[in-house]
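The values are calculated or read from the model by the stated rules, or taken from the named source; none is laboratory data. Just so you know, these numbers come straight off a predicted model, no measurement behind them. Note that we place each Cβ from the backbone using ideal geometry, even for glycine, and neighbour counts take in every protein chain shown. Note: accessible area is taken over every heavy atom of the protein model, side chains too, but ligands, DNA and RNA are not part of it. Shrake-Rupley method; radii C 1.70, N 1.55, O 1.52, S 1.80 Å.
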Amino acid sequence: MAQAEPQDSIQVFADGLRSKGGIENRAAVLEGQRYELFRGKDLVRWVKAHPERSAAAAAGKGGEGAEELARFLGQQLLRRHLARRVDRLNKKPLPGTKKLVKFPRKLALLPPNEATTFVEDGFYVWTYERPVSPWAYVWTALIPLAVVGACLFPLAPNWAKVGVFYLTAGLLALIMGVLALRGALALATWLVSGRALWLLPNVMSEELPISQIFKPLVAVSRPEEGKGSKWGNHPLTRVGVGAAVGALLRNQAGDELLSRRPDASLPYQSPHHSHHLSTVVAAAIKQETSRYRDDLMDWLGVQREGYQRLSGNATAEVPVNATANATAGAAGAEADAADAGTAGAAEAAAGDAGAAADAEAAAGDEAGGDEAAGTEEL
């Protein structure tokens, strides 16, 4: 009986670090490729917390002390090409923070002599594939089901289509609303003070995981001295930008007012109250939103009757299905009328042919009677 080959203790140690109960690993990008990133200090901390497993991986080597054992194991990972030392690409704190991120998302390569040396405060990426988890097979099996479900969406019940539509539309409206609010707040504070107040400053960051992009809630960005033009944050520049934005908004509202007046040929008079302007703009946004929603509902094949109650649109247009049915009914009626007319014409033609035949028969009878009368006279 063949004996099983002994497992590589360093490989087993690396798999343990990447499995559940190991060190923290985060996704990162190095030269356009995704890797799993870990920190040297986390490896040292794990070795101190698991001395027996670490000593078994080192096979009695590494010297005395947990720190020396951790450095030995880290150096073995680099020597076996199981990991590689890297560095963060962006070395400046994010807006609203004073410290660098714990796990950078973008990495840069180090020189070969530094990339093969283990240090406790360094960053490292795994260079081999992670062992396949059973959950990977589960998610792989769910992907075809999701594709089939998306293909069967046109056959879904009307209530399911309405629910999916409003769920996705609500999520998109929330994202766009937050981004618009961030931009408006930053612009307004910059115009007034020269400093931009950002709501959720890290929400668009690629350096943080999703659990950390909502911190901090607000942050103030100050212009860096000695960088950029002196006119970039000058009061005259802010006044000019504010005037341009105000004129743009006013002209947009004025065009909307002009298009909503009953008689567009009369000369336009600018509104005197800001409340009237805001009312018109809000009504225009509501009307355009309703129109896009109705068009998208029609494109998805959702019946109007199914979402009038949810949307509160009591004056919705005639449903597309009803219009199609009415058109089909009218076409059928015209076809029936055409068939009836053709049948009537055929019957009339047959009647005319019969009448002609009767006339010929009558003429023949008269001719025969005349011949018989002549014979009798003779």
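Of the strands (runs of 3 or more DSSP E) lying entirely inside segment 66-163, those carrying at least 2 residues that are in contact with a Phe, Trp or Tyr (Cβ under 7 Å, 6 or more places away or on another chain) and surrounded by 15 or more Cβ atoms within 10 Å (Cβ to Cβ) are 83-88, 123-126.
Looking across segment 40-70, just one residue is in contact (Cβ under 8 Å) with a residue 60 or more places away in the chain and of a type in the set (Gly, Ala, Ser), and that is GLY40.
Checking each residue in segment 113-134 for being of a type in the set (Gly, Ala, Ser) and at pLDDT below 90 picks out ALA115, SER133.
A single member of LEU89, LEU94, LEU82, LEU73 is under 16 Å from PHE123 (Cβ atoms), touching a residue at least 40 places away in the same chain (Cβ under 8 Å) and not β-branched (Val, Ile, Thr), and it is LEU82.
Being open to solvent by 70 Å² or more (accessible area, probe 1.4 Å), part of a helix (DSSP H, G or I) and within 30 Å of LEU17 (Cβ to Cβ) is not true of TYR166. Within segment 34-53, one or more residues are touching a strand residue (DSSP E or B) at 6+ places or on another chain (Cβ under 8 Å), among the aromatic types (Phe, Trp, Tyr), open to solvent by less than 40 Å² (accessible area, probe 1.4 Å) and not in a loop (DSSP other than H, G, I, E, B).
Criterion first (over 30 Å from LEU107 (Cα atoms), part of a helix (DSSP H, G or I), modelled with pLDDT of 90 or more and more than 20 Å from the chain's Cα centre (by Cα)) does LEU171 satisfy it? For LEU171, the condition - over 30 Å from LEU107 (Cα atoms), part of a helix (DSSP H, G or I), modelled with pLDDT of 90 or more and more than 20 Å from the chain's Cα centre (by Cα) - is not met.
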